[in-house]
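The values are calculated or read from the model by the stated rules, or taken from the named source; none is laboratory data. All of these numbers come straight from a predicted model, not from anything done at the bench. Please note: Cβ atoms are built from the backbone with ideal geometry, for glycine as well, and neighbour counts cover all protein chains shown. All accessible areas refer to the heavy atoms of the entire protein, side chains included, with ligands and DNA or RNA removed. Shrake-Rupley method; radii C 1.70, N 1.55, O 1.52, S 1.80 Å.
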Amino acid sequence: MVASGTFGYAREMAGLVDLCRLGGILPKTITREPRRGNPPPRTIETTGGMLNSIGLDNDGIEAFIEHQLPYLASLGTAILVSIAGRNRAEFVEMAARLDGLAGVAALELNLSCPNVSGGVDFGTDPAMCESVVARVRRACGLPVLAKLTPNVTHLCAVAKAAEAGGADVVSLINTCLGLAVDWRRRRPILGNVMGGLSGPAIKPIALGAVYRAGQAVNVPLVGIGGIASVDDVMEFIVAGATAVQIGTANFYNPTASIQILDALPAALAELGAACVADVVGTIDTG
Ligand code: SIN
């Protein structure tokens, strides 16, 4: 799959990527109301990654349903809609609105955006996480993915809470909170001061999160964080991910996902595996 916020609403990539080959597309997170996002600059390249402080800039759920979903639904791949609410009621309202709409295969609850006030509360407090997931679960029949933040001490407690709330899948990780500084001006580079770090720089953190969550929960895990090659994908699968999302790599290599798909059968064959499922969580830590 391609990760939310890194693939636009897919139109931008249509000339570059054979979209129907993807396992799924996660469009940019939508909110109930339109959001202008944070002040610029909102992205900065860093060593081995990038820092963003977009602030969930989007046109709101109704504009998404009217202008983006019909196109996305026509692409022949699963569309997993990423939603973020300011409170539980907004998550529930959006989930109910999207339930049953043609083309929506699943919901990914963005419980982890570090760039909006209140954005990570649901992902840092296990009780809040369980409660929002449970309410969404009751409000819709769609598969529910809970996307978690690495910016916590007790990641496994939050993963367990998501599972207890009824999440079908746990996605991890969202970005790592960070800062870029222009020392000559003694100023932060991002308009919102802090941002979320993504890209290859965070891959070991993401792998560690997938491995640890895999010890804590029984639901499937989607690995996200710095995946740019088939080797990265295999590492995540061996560590415990059932599926992966390609994120920041899309910005500098839009065809990364397709290159990975092409290379995956040979990588599986190297392990004598016929399919991904044969490899999931087979890491030997003994
Ligand atoms: C953003 O829009 O600020 C990034 C989205 C996220 O980190 O969830």
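Below, the figures for the structure above:
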quantity	calculated
Dipole of the chain, positive direction: furthest Cα of ALA180, THR255, ILE79, with charges on the beta-carbon	ALA180
In sequence order, calculated HN-Hα J values of segment 18-30 (Karplus, 6.51, -1.76, 1.60; Hz; x Gly/Pro)	6, 4, 6, 7, 6, x, x, 10, 10, x, 3, 3, 10
Antiparallel bridges, percent of DSSP beta bridges restricted to the chain (to nearest 5)	35 percent
Reachable aspartates and glutamates from LYS147, criterion Cα separation under 13 angstrom, eight or more residues apart if same chain	GLU108, ASP121, GLU130, GLU163, ASP168
Karplus-derived 3J(HN,Hα), 6.51/-1.76/1.60, for each residue of segment 155-169, Hz, glycine and proline x	4, 5, 5, 6, 4, 5, 5, 4, 5, 4, x, x, 4, 7, 8
Apportionment of accessible area to carbon and sulfur, segment 11-278, percent (1.4 Å)	54 percent
Global form of segment 49-200, assessed from the alpha-carbon gyration tensor, a/c cut-off 1.5	oblate
The chain - mean residue ellipticity at 222 nm from DSSP helices (-39,500 (n - 2.57) per run, n ≥ 4, rounded to 500)	-9000 deg cm²/dmol
Estimated inter-spin distance, ARG135 and ALA164, nm [label 7 Å along Cα→Cβ]	1.8 nm
Approximate spin-label separation ASP121-LEU75, in nm, with each point projected 7 Å along Cα-to-Cβ	3.2 nm
Choice from MET13, MET234, MET128 showing the highest fluctuation, given a GNM over the chain with Cα pairs closer than 10 Å	MET13
Extension gain, ARG186 back to LEU264 (0.36 nm per residue minus Cα-Cα distance, nm)	23.5 nm
Convex hull per residue volume in Å³, alpha carbons only, for segment 131-220	121 Å³
Computed over the chain: relative contact order in percent, which uses C-alpha pairs under 8 Å that are six or more apart	18 percent
Karplus (6.51, -1.76, 1.60) ³J(HN,Hα), θ = phi - 60°, over segment 202-211, in Hz, Gly and Pro reported as x	9, 4, x, 5, 5, 4, x, 5, 5, 4
Positive-end residue of GLY23, ALA201, SER117, charge dipole of the chain with Cβ unit charges	SER117
For segment 11-278, fraction of C-alpha pairs farther apart than 25 Å, in %	44 percent
FRET efficiency for ALA89 and GLU45, using Cβ-Cβ distance with R0 set to 41 Å, rounded to 0.05	0.60
